[in-house]
Amino acid sequence: MRGLRIWLVLVVAGAVLQGCRGSASQEQASGQSVLEIVRSAVPLTSGEPALHNPAWAPRGDLIAASGVDDNSLWVLGVDSLPPRQVVSGQSVGGAFTWCVDGRCLAFRQAEYHGRRRLWKVRVFHVRSSLIYDVAGPAPRVSPPRWDPPSKTLYFTERGNPRLFRLAMTDTGLVSEPLTLKAWAEQSEAGTLVFEKGAGLEVYTAGKTAPVRCALPGEAQILNPAVSPNGKLVAFESTSGDSLFVFDLVTGRTRPLGVGHAPVWSPLGDYLACVVLREDGLRLLSSDLVLVDSRSGERLQVTDTPDRLEGHPSWAPDGERLVYHEQRDGKLYLAEFKHVYATPPER
């Protein structure tokens with residue numbers, strides 16, 4: 001059952017707003033805001049091709065998504081640009097991420113050497129449509145992540161951290177490998193999170209020793225996400241479907257209720273997450289919920305017992321979400337607005 005749950009969390013995560021309206025029930029202190037739903041979600045794609053795992057580009061103009069078999073990557077415009085396939089290959093859509101400036105996509109690609117599966121980390125440059133190899137082939141390569149403040153691409157290979165700084169030149173992509181020590185000494189800001197055993201190791205700029213986070217008992221930490229200010233790490237636990245936030249400054253872990261695959265809003269005020277409904281053997285449905293990271297108050301975005309909604313991704317403005325519906329293969333767009341209890345001080 002535990003294995004099924006982990007698989008479901010990785011596969012499912014995005015949602016459709018179907019007639020849900022509401023706002024967080026508790027107003028925040030003066031100068032703070034809460035999100036309200038502006039309108040029900042609208043389809044962004046037709047379902048042909050079927051797409052899932054959307055990721056909004058940092059510049060806000062493009063969205064990347066994977067084909068339903070995870071063997072292709074697609075890019076579409078938020079307004080009118082139709083989906084176009086940009087990469088094909090084994091498992092290229094299973095783990096990908098936009099670079100800091102939105103000009104490139106980093107992804108993981110599988111290669112089979114006989115019965116042995118190896119992985120490459122590669123980068124697709126949107127404007128030129130060229131693909132560059134960064135690392136591999138190697139076994140046991142984790143999904144690549146970007147650290148925006150330090151502009152660093154990082155992942156693990158055979159359990160060991162790999163870090164790269166990338167730059168586009170006249171001759172193509174240049175990747176500079178870094179050690180953790182060099183990264184810590186050279187970076188003015190940044191936070192890197194690695195899954196280590198059942199817990200986490202978190203490195204921050206200027207410090208060569210990691211901060212460690214673990215839960216009691218046999219609970220395993222999954223899907224860690226660093227907050228925009230780099231001071232918090234949200235994650236889920238395999239014990240009790242629980243969502244947590246770990247404070248890197250105080251070392252304290254705070255529960256935020258039920259939730260899977262948390263994604264921080266650009267302002268760091270909300271976490272988008274997925275709530276699953278199961279019968280013990282099968283996944284019946286999934287819905288999208290926003291959790292106020294300060295108060296724990298929840299905004300129910302979807303409540304659809306016949307749908308598998310998941311993989312939310314925030315627009316850079318923090319007031320739009322794109323996500324998928326697993327069964328119809330469509331991407332959907334939801335809109336929100338920040339409402340202040342009192343006008344913020346300026």
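Could you grab me the full set of residues in segment 185-218 that are aliphatic (A, V, I, L, M) and either surrounded by 19 or more Cβ atoms within 10 Å (Cβ to Cβ) or assigned to a loop (DSSP other than H, G, I, E, B) (or both)?
Hits for segment 185-218 are 189, 192, 193, 198, 200, 202, 205, 209, 214, 215.
Would you confirm, using the coordinates I've provided, whether residue 114 is free of Cβ contacts under 8 Å to residues at least 12 places away in the same chain and either more than 17 Å from the chain's Cα centre (by Cα) or closer than 27 Å to residue 59 by Cα (or both)?
On the way: free of Cβ contacts under 8 Å to residues at least 12 places away in the same chain: yes; either more than 17 Å from the chain's Cα centre (by Cα) or closer than 27 Å to residue 59 by Cα (or both): yes.
When the stated conditions are applied, residue 114 passes them.
Being surrounded by 14 or more Cβ atoms within 10 Å (Cβ to Cβ), of a type outside the set (S, T, N, Q), in a strand (DSSP E or B) and within 18 Å of the chain's Cα centre (by Cα) is true of residue 106. Any chance you could count how many residues in segment 168-180 are surrounded by 10 or more Cβ atoms within 10 Å (Cβ to Cβ) and either on the phi < 0 side of the Ramachandran plot or touching a strand residue (DSSP E or B) at 6+ places or on another chain (Cβ under 6 Å) (or both)? Qualifying residue count for the region: 9. Among the residues of segment 246-277, the ones that are farther than 25 Å from residue 334 by Cα and either part of a strand (DSSP E or B) or small (Gly, Ala, Ser) (or both) come to 6 in all.
Looking across 50, 64, 55, one residue alone is surrounded by 16 or more Cβ atoms within 10 Å (Cβ to Cβ) and free of Cβ contacts under 8 Å to residues at least 60 places away in the same chain. It is 64.
To keep it simple, each residue is scored yes or no on (1) on the phi < 0 side of the Ramachandran plot; (2) at pLDDT 95 or above; (3) of a type outside the set (Val, Ile, Thr).
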{"residue": "210", "(1), (2), (3)": "yes, yes, yes"}
{"residue": "217", "(1), (2), (3)": "no, no, yes"}
{"residue": "221", "(1), (2), (3)": "yes, yes, no"}
{"residue": "233", "(1), (2), (3)": "yes, yes, no"}
{"residue": "239", "(1), (2), (3)": "yes, no, yes"}
{"residue": "252", "(1), (2), (3)": "yes, yes, yes"}
{"residue": "277", "(1), (2), (3)": "yes, no, yes"}
{"residue": "280", "(1), (2), (3)": "no, no, yes"}
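Taken over segment 278-302, the criterion of being over 25 Å from residue 97 (Cα atoms) and either touching a strand residue (DSSP E or B) at 6+ places or on another chain (Cβ under 6 Å) or in a strand (DSSP E or B) (or both) is satisfied by 278, 283, 284, 285, 296, 298, 299, 300, 302. Taking every residue in segment 139-150 that is in contact (Cβ under 8 Å) with a residue 12 or more places away in the chain and closer than 17 Å to residue 316 by Cβ and pairing it with any residue that is of a type in the set (Ser, Thr, Tyr) and outside any strand (DSSP E or B), at least 6 positions away or on another chain, the pairs with Cβ-Cβ distances below 8 Å are 149/187.
Checking each residue in segment 58-82 for being in contact with an Asp or Glu (Cβ under 9 Å, 6 or more places away or on another chain) and within 22 Å of residue 288 (Cβ to Cβ) picks out 58, 60, 78.
Among residues that are over 21 Å from the mean Cα position of the chain (by Cα) and assigned to a loop (DSSP other than H, G, I, E, B), residue 81 is included.
Return the total of residues in segment 31-41 being more than 16 Å from residue 340 (Cβ to Cβ) and modelled with pLDDT of 90 or more.
Summing the residues that are more than 16 Å from residue 340 (Cβ to Cβ) and modelled with pLDDT of 90 or more in segment 31-41 gives 1.
The values are calculated or read from the model by the stated rules, or taken from the named source; none is laboratory data. None of the values given here were measured: they were computed from a predicted structure. Quick reminder, even Gly has a Cβ in these numbers, built from the backbone with ideal geometry, and neighbours come from all protein chains shown.
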